[in-house]
Amino acid sequence: MAINVNDVYKSVLVVLEQQKRGVLTPNEFNRIATQSQLEIYNQYFDDLNQLLGMPQTSLAYADRMALLDEKISLFKTSEKLQKNADHEYIVPKEVQELGSVICKNKEVQRIQQHEIYTTNVSPLTAPSSDYPVYTYEGKKIVMYPKNGIDDLIVNYLKAPAKPVWDFKINEDLGSYVYNPFGSVDFEIHNSDQPLLIDKILGYVGVLTKDQFVMSLANSKEQQINVNDQK
């Protein structure tokens, strides 16, 4: 489902050449591509919040929700963690949002740091190895009780990896040559490739047809709001 970084870069270069906008170097492309992918990734969750607030009776709603769930599912993953010498479980750096924590085939309840004392002091709420609780701060999970628990399984949403168009230099021509082995593809849904290219072009000052229509619509909406306030 990944979007090939070379395909995107070549598409961008073709448009830039047609528009006589010069050359976008690989390093410049990589920086802009990272930002563009992150914006699309974050938009998935904004769209989800909007959909959840809409009536859920139409087929169009179901189709949009199914596609959005497919896009977000690309970033759902799980991993087994082992505690360190400080009785902490360090989650991967790529974790964007922590989901469920599973211990002994049961989902563990999360508590806040300020609840540790009151949770442990009461016989009724004191955690046990069969019914533990955990805190999560600074990419660290701490289980209570600290003994009697070994492995955890964590489910989480990961952040997309930074795309990289890697290259070698052609010694004869001095041109960039694509290196697939050192490159990293985009991780967003492949249906968003046109949007991705549009965003990258927008950052280098090329306004595509879709961007022009969106810009015009936003301008008209702003004008309507101004007129309504008069």
Identify all lysines with a Cα-Cα distance to Lys199 below 27 Å; exclude those on the same chain that are fewer than 8 residues away in sequence. Lys10, Lys20, Lys71, Lys76, Lys93, Lys158, Lys162, Lys168, Lys209, Lys220
Distances over 24 Å make up what percent of all Cα-Cα pairs in segment 28-155? 48
By how many degrees, 0 to 90 and rounded to 10, does the Cα axis of helix 209-229 deviate from the longest principal axis of the chain? 70
Could you give the spread of the C-alpha atoms of segment 1-77 along their three principal axes, from largest to smallest, in whole angstroms? 49, 30, 19
Charge dipole (the chain, unit charges on Cβ, about Cα centre) - positive-most of Val15, Asn42, Gln193: Asn42
Taking all protein chains as present, what is the carbon and sulfur share of the accessible area of segment 96-155, in % to the nearest whole number, probe 1.4 Å? 49
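Hey, can you rank 180-189, 29-38 by average C-beta count inside 10 Å, highest first? Intermediate values should be presented prior to the final figure.
Details: 180-189: 17.2, 29-38: 19.3.
For the peptides 180-189, 29-38, the packing ranking is 29-38, 180-189.
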Using all Cα-Cα distances in the chain, what percent lands in each 10 angstrom bin from 0 up to the longest? 6, 22, 23, 21, 16, 9, 2, 0
Full-stretch length increase - Tyr61, Ile90 - with 0.36 nm per residue and alpha-carbon distance subtracted: 6.6 nm
For q = 0.24, 0.31 Å⁻¹, what log10 I(q)/I(0) does segment 85-133 give under the Debye formula with an equal point scatterer on each alpha carbon and no solvent? -1.12, -1.23
For segment 53-183, what does the accessible surface come to per residue with a 1.4 Å probe? Please give it in Å². 66
I'd like the orientation of helix 59-73 relative to the chain: the angle between its Cα long axis and the longest Cα principal axis, in ° from 0 to 90, rounded to 10. 70
Rounded to whole Å, give me the distance from the Cα center of segment 176-204 to that of segment 27-82. 17
Using the heavy atoms of the protein chains and a 1.4 angstrom probe, tell me the accessible area per residue for segment 1-44 in square angstrom. 53
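The values are calculated or read from the model by the stated rules, or taken from the named source; none is laboratory data. Predicted model only: the values in this text are computed from it and were never measured. Every residue, glycine among them, receives a Cβ derived from its backbone with ideal geometry; neighbour counts consider all protein chains shown. The area values use the complete protein model at the heavy-atom level, side chains included, leaving out ligands, DNA and RNA. Shrake-Rupley method; radii C 1.70, N 1.55, O 1.52, S 1.80 Å.
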